[in-house]
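Here's the structure, in structure tokens; my notes come after.
Only the coordinates and a few stated rules stand behind these numbers; no lab work does. These numbers were taken from a predicted model, which means no experiment stands behind them. Positions of Cβ are generated from backbone atoms using ideal geometry, with glycine treated the same way; all protein chains shown enter the neighbour counts.
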Amino acid sequence: MRVVVTIQHPAHVHFYRNVIDILEDRGHEVFVFARENDLAVPLLERYDLPHEVLAGTQDSLAELAKVQLSYEYRLLRRAREIDPDVMTAIGGVAVSHVAPLVGARSVVFIDNEGVASHRITTPFAHVVCTPRRFEEEYGSNHVRYDGYHELAYLHPDRFSPSPDRLRERGVDPDERYFLLRFKKWDALHDVGERGLSPRGKRRLVSLLADEGEVYITSSDDLPPDLERHRLPVPPDLVHDLLYHADLYAGDSATMATEAACLGTPAVRIQSFAARERDMSNFVELERRYDLLRSTPDEETALAYVRDLLDPEAPDRWRERRARLFEEKIDVAAFVAELLRAQAGESTLARRSEVPAPT
């Protein structure tokens, strides 16, 4: 079986890296294509995943459309040469358009509701795969599973935190510290949305710096006065850092979910949380498991942070995390079997009756 995987975001690298290992261990060929990104391509290199970069970055909405068209054209050209059985991506705009043109099955993974780009993706995809409680419906080719994207790499069967790797980089995991993530709001699904303001970022850092070390990972430019807080570890160790942190806060939805899955108290600050119906993953993590706080308002966010500075909060979060894993699956194993099913390599069905592994 030949599988094409496309990468647009660092979280996509994490989502697929274990899947790629599973498939290659079973003798399948996997081809990885990427768009230039401040972290995604370095992560691919760090994990020694062979890949081709097909398009660069963009600085405006008009440029985004141009880069997307160029990316799809180059992906089509390479897919014709490879002749894949299956093409897969998170979001999957390019994959859903290219796969039918080369006779491949497309498998698109989505975990964010209410995004305009889904309208140019899901009608063309052979399979649309979402977490179980996802609000939107995509018809007979909609596959649901008991998990989140982040559990493809943070499930206990896939991730073991190492305090020694942090100590080698000068971080003491036994000392009190906090991790912040600031993102650059330039993705297709971010149009019209917003995260933390420059003032909000500074207030957040000031509040936490009085309590311990503050580490920042940012895809946006950091102002000079915050530069000294920049992440002290390489990107592939960020989950070790996040696991041992006393708190996470920021405007990255992905890292907020990662923190919750790792049992780290988490505050998500972004305009998506202002919707009358927030995305189902965050609702579930907050209301069912009590592992997350979400708000679009910076004052409310600071209040949440102050509350979670309670030294006992990390222990409470670890207990709640245990309940989460009683109910969620190893997503990497599920994804690998789903992709194999699309090429007739698995006994699983090809459509929405695909069962979740136990």
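What the table shows:
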quantity: Residue within the stretch 273-284 that is of a type in the set (Asp, Glu) and under 17 Å from residue 254 (Cα atoms) present; calculated: yes
quantity: Which listed residue, of 200, 170, is in contact (Cβ under 8 Å) with a residue 12 or more places away in the chain and at positive phi; calculated: 170
quantity: Some residue of the stretch 195-204 being in a loop (DSSP other than H, G, I, E, B) and surrounded by fewer than 19 Cβ atoms within 10 Å (Cβ to Cβ); calculated: yes
quantity: Subset of the stretch 311-334 [part of a helix (DSSP H, G or I) and farther than 24 Å from residue 16 by Cβ]; calculated: 313, 314, 315, 316, 317, 318, 319, 320, 322, 323, 326
quantity: Every pair of residues 6+ apart whose Cβ atoms lie under 7 Å, when the first sits in the stretch 84-100 and is closer than 19 Å to residue 29 by Cα while the second is among the charged types (D, E, K, R) and part of a strand (DSSP E or B); calculated: 84/2; 85/2; 85/105; 86/105; 99/105
